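Below is one structure, written out as structure tokens; comments come after it.
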Amino acid sequence: MATNGFSNRDENLLLLTDSYKVTHHLQYPPGTSHVFSYFECRGGKFPETVFFGLQYLLKRYLVGPVVTKENIEEAKEHYNLHFGQNVFNEEGWNYILEKHGGHLPIRIKAIPEGTVVPYKNALITVENTDPKCYWLTNYIETLIVQVWYPVTVATNSRAMKLVIAKYLSETADTMDGIYFKLHDFGFRGSTSVESAGIGGLAHLVNFKGTDTQMGNVFGKRYYHCPMAGFSIQATEHSTITTWGEDGEKDAFRHFLEIFPDGLLACVSDSYDLFRACDQYWGQDLKDLIVERGERGGSLVIRPDSGDPPEIVVKLLEILGKRFGYENNSKGFKVLPKYLRVIQGDGINFESLGLIMENMKTHGWSVDNISFGSGGGLLQKVNRDTQKCAYKCSFAIVNGKPVNVYKDPITDPGKKSKKGRLSLEIRDGKYVTMVEGSGDPKDDLLETVFENGKLLKDYTLDEIRARAELEIVKKHIT
């Protein structure tokens, strides 16, 4: 890890593209000197998009001198083997190395990270700053479009936060605990350490609970956050089942005794969840749990199997019978503060509402529960979740401006925008102004990268503030 916070680059930027782009410098019209492209979510599952993650990509791959003679030689050899002929733009890359010292002559503008924008609006624009490098704008498309992943995870996480906030507002006296209501369990289900880092950090735009350590590492490396997410002591099945079924209660007791204070989470479905909660927790170990509560500690019981809406309510009923409960000001039942539940199995955007609706129906406050999500948070998304796309909309050919677009007769949803674009607020709404019709002073897209230099460097705190839900702002000062 470099001391400036940027990663050491083992990757060759010239190879970080799709094969077909290697020959595109030959395919543009003769006389092309400028190419302008944009990135948007042109539809998708969620009507609003949380923009996040471009700064990571810029710092990791594009800032500074990113083209060397060795890169060019390696890429030339690689592509000659790949295509079986010499189609690599050696001249163009040597020009960038010699004229620009290996810095990319590119300007990238973007909406500030953390901004929540309705889909079908431009979020990023990219254009070359040197007329000889018109081909570079779309050469880096492959890399820039990978922002779809942190954008989509942050959007998914925020949508889940909105569902939780709705049920908290309906069933709880306070929303103070919302930042720890959805915990990231997704590291092991991620496709790579890198995806765990950027996806885990995207979740932390909205919440502060995580077991995905790389999210914290990326927050520190790329977004000036010493510690973005937090966790507590917790068991896994192996630390319970190695005691054997007959020793399950002893395992529980041991866990309480080695951590006599603070927050603890204990998986309790290794054998018979209902016996564990009714007999072991609710009777045999009850005094230990209550004593911990008197010292400010809390036990969080984790079921990890079964149908979540049914299991959660059944578990709450058992615990309510054994430990008692109070009714809050809205008439919903709340367990003693020293006892809570975390549902970490089968959690996604769709299941959250079903669980909390069933809790509400049976008179239980969402104060009693938090959630953990792995695959449903970091993996069950793809580029089509928000229909992310990068398209050329403007060019200069032989000195003349050209509005560029596509409009497939077979799919009107893929129609692209024309001309130079800006993002503005008109009548209180985000609007992408097309064909150069916008006013530069009203453009919300800020230059974040130009000619190899990072011009904006956002902190996670800034990003979190922009992405915050209005319902949370209203209830938490």
* Assigned charges on the beta-carbon of Lys, Arg, Asp, Glu; the chain dipole about Cα centre (debye) -> 1420 debye
* Asked: Among the DSSP beta bridges whose two residues both lie in the range 196-347, what percent are antiparallel, rounded to the nearest 5?
  -> 15 percent
* To do: Just grab the label-to-label distance for D246 and R275, each label 7 Å out from Cα along the Cβ direction, in nm (one decimal).
  => 1.2 nm
* What does the highest-first list of 412-421, 18-27, 196-205, 368-377 look like by mean Cβ count within 10 Å? -> 196-205, 368-377, 412-421, 18-27
* Can you find, among L460, L335, I369, the residue farthest towards the positive end of the dipole of the chain? Put +1 on the C-beta of Lys and Arg, -1 on that of Asp and Glu. => L460
* Structure fact -> Ordered by number, the chymotrypsin sites (Phe, Trp or Tyr not before Pro) in the range 250-324 that occupy a DSSP loop and have at most 13 other Cβ atoms within 10 Å are Y271
* So for the pair H237, E350, with labels modelled 7 Å out along Cα→Cβ, what separation do we get in nm? -> 2.4 nm
* To do: For the range 130-264, give the magnitude of the charge dipole about the Cα centre (Cβ charges: +1 Lys/Arg, -1 Asp/Glu; no others), in debye to the nearest 20.
  => 660 debye
* Answer with one residue from V404, T447, G428: the one whose Cα lies farthest towards the positive end of the charge dipole of the range 404-461, charges on Cβ with Lys, Arg +1 and Asp, Glu -1. => V404
* Measure off, as a whole percent, the carbon and sulfur share of the 1.4 Å-probe accessible area of the chain, all protein chains present. => 50 percent
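Loop by DSSP (not H, G, I, E, B), at most 14 other beta-carbon atoms within 10 Å: where is the longest site-free stretch of the chain for GluC sites (Glu not before Pro)?
So the longest stretch without any such site is 237-477.
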* MRE, 222 nm, helices only [DSSP H, n ≥ 4, -39500 (n - 2.57), over the chain, to nearest 500] -> -9500 deg cm²/dmol
* To do: Work out how much length I425 to S192 would gain on full extension: take 0.36 nm times their residue separation and subtract the Cα-Cα distance, in nm to one decimal.
  => 80.1 nm
* To do: Calculate how many DSSP beta bridges within the chain are antiparallel, expressed in % of all such bridges and rounded to the nearest 5.
  => 65 percent
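The values are calculated or read from the model by the stated rules, or taken from the named source; none is laboratory data. Only a predicted model underlies this, so the values are computations on that prediction, with no experimental measurement involved. Glycine gets a Cβ as well: all are built from the backbone with ideal geometry, and neighbour counts include every protein chain shown. Protein only, heavy atoms only, side chains kept; ligands, DNA and RNA dropped before computing areas. Shrake-Rupley method; radii C 1.70, N 1.55, O 1.52, S 1.80 Å.
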